[in-house]
Every structure is written in C-alpha cells, then in structure tokens.
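Colleague: The structure that follows is given in the form of structure tokens.
The values are calculated or read from the model by the stated rules, or taken from the named source; none is laboratory data. All values derive from a computational prediction rather than experimental measurement. Cβ placement follows ideal geometry from the backbone for every residue including glycine, while neighbour counts extend to all protein chains displayed. With ligands, DNA and RNA removed, areas are computed over all heavy atoms of the protein, side chains included. Shrake-Rupley method; radii C 1.70, N 1.55, O 1.52, S 1.80 Å.
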Amino acid sequence: MSNFNENFNAIVKELEATLTSLGFEKENEVSEGEKLAVKFNGEKGAVSLEYNESKFMIFTGETTDFTDKRISVSLLDDDASAADIRFIISESKETLNEKFAKKTAVQKKASQKTPHTVSKAAVKNGSFYDANTLASKLCLVFPELRPAYKENLSNYGEFMGEEFFTEYGTEKIIAAIKENNPQTMKKLFQILNEIYEDGTNDTQSLIAVTILGELNNDKILLARCVDYMSETMAPPVIEVNRYLASPAGKKARKQLKNPPAYKPKKEKKPGMFAQVMAQNGGGMPPAM
C-alpha cells in the first residue's frame, strides 16, 4: 500500500468518528488511481473526504453525488510526518464541527471573534487572500508556528501579519530556504505562489518584503527560490531585494527591523512595496 493511501486512511479513520457524532453515516468509498474519496450522508447533507494531487480535501453538498463545495484543503505529500497527519486531523475536526455542530449562544459569540481564512472558492468569487489565510496555511508546512499564530490572534483580537512574520514566521521560512529541502520548498512555495497571485496588496507586501525581503539580496538564495516562484511573484521579489540592498533601502530595512507599535486601524499611506511598484510604472518590475 502506498504512503498516500495509508495517510489518507489514517485521517479518514479519525474523522469518521467525528462525522458519526455529527449524524453522518459512511455511504461508499471511491478509488481511481491516486484519487481517493470516502463519502458520508446524513440529515444535514453529505460530506466527501478526498485525496487528489497531494491534497486532502473536504467537500460538502446536498447528496454524495453533488458534494461540490470545498470547505477545507490541506497539503498531504507521500512523506507527510505523523505530526503533519495529526495537524490535518485536528484542523479537519475543527472545520467539521464548525460547519455541522450545534452551537450554544456563548460558542457563537466566541466564534465571531475568530477571523476566518479566505478559501480558494471565495477568491474566485471576488474575495482576496489575506494575511490570516497566509499564516494559517503556512502552519501546515511549519506546525511549530501554530502556538504563535494562536497567541497573535489572542493578543490582538485580530490577526496582525507584520508582527507574526517579523517575530516568528519569516525566520522559519528563511531557515527552510537555506536548508533547501525539495519537499519543504515545494510545499512552501505552492502556498506563497497561490496566496501572492490572489492576495490583497498588504498580503503581497508581506510575502515580497517582510518575508522574502529577508533573503538580503543573496544571489544564491534568490536563485534557489526562483526555481519555485511563479512568474508573477519572482520579479517583484527580486526587485524588492535589490531595493533593500541599495542605499535608499537602508532606511526601509531599518523600519522593517523596528516596526511601529500597534495602533488602531486608520487610513494607510502607500507602503514601501507600493512605492517600489510605482517606481516601475505601476506594473511588474522588469524580469531578471
């Protein structure tokens, strides 16, 4: 039995108990090559747990023939560790309970305070990936960041991307790039590319400046990343690194190292990332 099959079955076994407690019964299993699915039915509709193209996904719908709404997606490579599997199970249980469990008034009030990540389906419908979604997805690659992510939400009542990545996330990502493990790099840049492509301006700035700007214009590290970066993300990242390495970028880098204290939201002036883009005619910087 292949690793992906074993990993999928381990996850399904744990989630079946959760679905049973939520009023669902297993209806059938589907196997088509490396595409696997286990479908459940109940009075609340239908749920399909699926594996395809290195992703574990949860779909819901009215019947098992029409489970077309994806409510969760996690990276699930053949070499997923036991910790990766436990994290996916934990996140999936939370998603299923959030979707189907009856909530008390207190639980509903508490859930309203927790920011939700933006799904890929929402992006297609006109929404954009935000910093919270970026951090949440990166916790799949670096589960050790999860406590800091939850602490950030707890401390501020909303997710503060600059603080999280400046204090925790960027260091972990740069270390992974230096280590250059192919599997980790593939997972990491799959997330960064997807979020950058459809992210808000602030989220794109987090990726290009706060995170990958810390490559410090190192030609070896940049060349390593270019092998994984999308054509959309690579030019701005290269240009930001050039800028931060220039005399004019020293002040900006100092500001990145010492971000201002948290203040309530107000109208923002264009940030450094927007200024770099504006210097290139408002479009993408020239490719290297």
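Colleague: Looking at the range 156-179, I want the residues that are more than 25 Å from residue 224 (Cα to Cα) and of a type in the set (Ser, Thr, Tyr) and have a partner that is part of a helix (DSSP H, G or I) and at pLDDT below 95 with Cβ atoms under 8 Å, at least 6 apart or on another chain. Which pairs are those?
Modeller: 156/163
Colleague: Identify, please: which residue in the range 135-180 is among the hydroxyl-bearing types (Ser, Thr, Tyr) and farther than 26 Å from residue 54 by Cα and is, among those, least open to solvent (accessible area, probe 1.4 Å)?
Modeller: Taking the range 135-180 and keeping what is among the hydroxyl-bearing types (Ser, Thr, Tyr), we get 136, 149, 154, 156, 166, 168, 170.
Within this subset, residues satisfying the condition of being farther than 26 Å from residue 54 by Cα are 154, 156, 166, 168.
Numbers: 154: 92, 156: 75, 166: 58, 168: 91 Å².
Among those that are among the hydroxyl-bearing types (Ser, Thr, Tyr) and farther than 26 Å from residue 54 by Cα, it is 166.
Colleague: Please find, within the range 1-38, the residue that is nearest to the chain's Cα centre (by Cα) out of those that are more than 20 Å from residue 91 (Cβ to Cβ) and surrounded by 15 or more Cβ atoms within 10 Å (Cβ to Cβ).
Modeller: 26
Colleague: Can you name every residue in the range 48-100 that is open to solvent by 60 Å² or more (accessible area, probe 1.4 Å) and assigned to a helix (DSSP H, G or I)?
Modeller: 82, 86, 90, 93, 94, 97, 98, 99
Colleague: OK, next. Out of the residues in the range 218-253 that are of a type outside the set (D, E, K, R) and assigned to a loop (DSSP other than H, G, I, E, B), which is most open to solvent (accessible area, probe 1.4 Å)?
Modeller: For the range 218-253, the residue satisfying everything is 247.
Colleague: In the range 46-69, what residues are closer than 16 Å to residue 15 by Cβ and modelled with pLDDT of 85 or more?
Modeller: The answer is 46, 47, 48, 49, 50, 51, 56, 57, 58, 59, 60.
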